[in-house]
Structures are given as structure tokens and as C-alpha cells.
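Everything below concerns the one structure shown next.
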């Protein structure tokens, strides 16, 4: 869990150091204006923008019941962030598994990607798809979902 927060914490720390330097130089307005993008970058690279993650077994069980895809992801992954943002509100209809929190999820991803933890890996009807287009993932959601 800790490594999921390393990048966001480092980004906030760097922004704070730069902001403090600007404050000490007498530019508090510039410091605040510069700190806001650092905070936004940290937020996007954290797990805060993703729907609540479940374990791989629970996600696969839920998917078998409702037919919705399972997305295996990790914080800080630019492709996962792109998928999440492009799905918009429909992202909540998917089952999300953070492979850094769930060793079983990481094992599923390694098995699907020749031993690599390549994410996002989306499993639809038991078949894994590595880094699919967000539009394709959206099409996999049934209209009733």
C-alpha cells in the first residue's frame, strides 16, 4: 500500500519545496499558483481518482454474476489514468483491482502478460486484454449496466 503513495507524496513534497522558496523570496501568490498544479498532478497519480478496489477473486466473482469487465490497474500508471479519465462516470460500472494491494491480482496480470505486470489489463468474459482503448472498454459495458 505504501508504494502506491510514494509518487504523489514526492510530487507534493517537491511542490512544497518550490512553493516555500517562492514564499521566502516574497512571492506567496506565485507559490500558491505553482503549488496547485503540483497538487493536481499528485491527485491524478494517486488512487483517489479510481473507484474502490476489490480483490481479484471478489472482482472475478462479481464479474461472473453481472458480466461487467474487471480492470487490473496500479496507481501512477499513465495508461490506467487515461482509461479512468476517458471512461468518466462509467468507470464505476467496472470492477477495479489494484495489483499493488492484491497479490492475486498481480498474479492474474502476470499470467496474462507473459510474466509482466502490464496494466491496465481488462478481463472481459474471462479473456484478458492488455491496455485496450477506452472506447472499446466502454462498448463492453452492457447498456443496462
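Residue by residue through region 20-35, note down the ones that are part of a helix (DSSP H, G or I) and either touching a residue at least 24 places away in the same chain (Cβ under 8 Å) or over 23 Å from residue 49 (Cβ atoms) (or both).
20, 21, 22, 23, 24, 28, 29, 30, 31
Could you list all residues from region 28-56 that are over 14 Å from residue 97 (Cα atoms) and touching a helix residue (DSSP H, G or I) at 6+ places or on another chain (Cβ under 7 Å)?
30, 31, 34, 35, 38, 39, 41, 42, 43, 44, 45, 46
Only the coordinates and a few stated rules stand behind these numbers; no lab work does. Not measured: the values here are computed from a predicted model. All Cβ positions, even for glycine, are placed from backbone atoms using ideal geometry, and neighbour counts span all protein chains on display.
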